[in-house]
Amino acid sequence: MTAIDLFSGCGGLSLGLQRAGFRVDAAVEIDAKAQETYKLNHPLVKLYEQDIRKLDPAKVLNDVGLKPGELDLLAGCPPCQGFSRLRTKNQKTSVEDDRNSLVRDFMRFVKVMCPKSIMLENVPALARDGRFTRMRNELEGLGYRVLVDVLDAAEYSVPQRRKRLIMLASRVHLPVLAAKSAARVTVRQALQGIEAPSTSKDKLHALPENRSAAVRELIARIPKNGGSRQDLGEEDQLECHKRSDGFKDVYGRMAWDQVAPTITSGCHNPSKGRFLHPSRNRTITLREAALLQGFPPDYKFNVSHGKEAIALMIGNALPPPFITAQARALRDGMLAAN
């Protein structure tokens with residue numbers, strides 16, 4: 001079955017679709033570093049390296065040899081930073097963020113391509129926005145049966161908590177959600193067998209940390225296997241932590257036999273969340289972050305892009321196992337309908 005990936009990022013969605021049995025014919029991505037990462041891992045996919053707002057969906061269809069109505073699956077995750085819970089909490093942006101209007105471009109591609117099925121993934125807050133409501137109404141008006149829910153990726157073999165909105169739509173069958181996994185994948189299972197960064201030949205895993213002596217000493221005192229800075233006495237708290245009553249996961253450790261917290265773009269920084277290794281006195285490495293996001297250990301990243309850029313790609317990626325589960329449910333439904 002054929003698929004096209006809009007807003008592809010570094011390729012988590014495409015990987016999930018491929019594992020579900022789809023052939024990804026084309027993808028669209030605007031960021032140069034994400035483009036390079038995508039091409040490293042998906043060299044056979046035609047990648048449109050441009051702003052989707054300036055791309056003609058009819059041209060994309062023609063380029064991959066398809067006519068309107070022939071594409072099996074159109075999938076994507078329009079950038080959602082303006083809807084993110086963290087940004088809303090910080091009041092640094094609002095639902096007027098320009099990126100939130102990209103759902104209209106997703107719909108523009110739907111109207112021209114007329115795919116048999118659709119998958120859209122995003123942050124839960126998108127469901128409360130009028131633009132998403134209008135999109136859903138338009139899809140139903142075009143004959144699509146639409147299913148929307150908020151799911152935790154941890155229930156679909158992703159070793160982290162990650163609440164996401166998923167929309168499945170089809171004009172050839174009644175879509176259903178994938179069955180949940182029998183058991184959760186823990187941090188221990190995800191990181192099992194990975195060598196120490198100091199001895200690793202994996203350049204992504206071996207990227208060094210740069211911490212002050214005071215921060216290294218603080219990290220060393222935080223109890224292993226799920227400990228938190230809250231476990232330390234008042235005298236051991238950083239001054240900035242004493243002044244803040246929120247973000248209690250900051251400088252916290254992951255727990256071996258639980259799923260990880262949501263992997264974000266700050267996953268390499270202990271001041272951004274519970275990103276300390278369960279037993280080592282360091283943050284998780286970017287390779288470990290990618291594994292906790294559901295990427296395979298050989299997924300390629302160009303370390304010359306720098307930690308910030310790579311962490312942003314990993315944090316923004318769609319967890320491949322979560323996508324695989326939902327895409328298989330769509331594929332099986334379409335096959336049964338035929």
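The numbers here are math on the coordinates, done by the rules we state, and not lab data. The shown structure was predicted, so the numbers you read here are calculated from the model rather than taken from an experiment. Note: ideal-geometry Cβ built from the backbone for every residue, glycine included; neighbour counts use all protein chains shown.
Packing, as the average of other Cβ atoms within 10 Å across residues, places the peptides 64-75, 275-286, 142-153 in the order 275-286, 64-75, 142-153, highest first. Can you flag which of K54/K163; K33/K163; K203/K224; K180/K300; K39/K203 are past 24 Å Cα-Cα? Long pairs (Cα-Cα over 24 Å): K54/K163; K33/K163; K203/K224; K180/K300.
Cα centroid separation, the stretch 250-315 to the stretch 28-66: 27 Å.
Taking every alpha-carbon pair in the chain and binning the separations at 10 Å intervals from zero gives 5, 25, 33, 23, 11, 3, 0 percent. Backbone geometry of the stretch 280-297 corresponds, through the Karplus equation with coefficients 6.51, -1.76 and 1.60 at θ = phi - 60°, to 3J(HN,Hα) couplings of 8, 8, 6, 6, 5, 7, 5, 5, 5, 4, 5, 5, 6, 7, x, 7, x, x Hz, x marking Gly and Pro. When you filter the GluC sites (Glu not before Pro) in the stretch 161-222 for DSSP loop state and at most 14 other Cβ atoms inside 10 Å of their Cβ, you are left with E195. When the Cα positions of A196, H305, L218 are compared along the charge dipole of the stretch 187-315, H305 comes out farthest toward the positive end, with charges on each C-beta of Lys, Arg, Asp and Glu. Between M254, M167, M135, the Gaussian network model of the chain with springs among Cα atoms under 10 angstrom shows the greatest mean-square fluctuation at M135. Across the stretch 187-315, the relative contact order, built from alpha-carbon pairs under 8 Å that are at least six residues apart, equals 27 percent. The helix-based estimate of mean residue ellipticity at 222 nm for the chain, built from -39,500 (n - 2.57) per DSSP H run of four or more residues and divided by its residue count, is -9000 deg cm²/dmol to the nearest 500. In percent, what relative contact order does the chain have, based on Cα pairs under 8 Å that are 6 or more apart in sequence? Relative contact order here is 19 percent.
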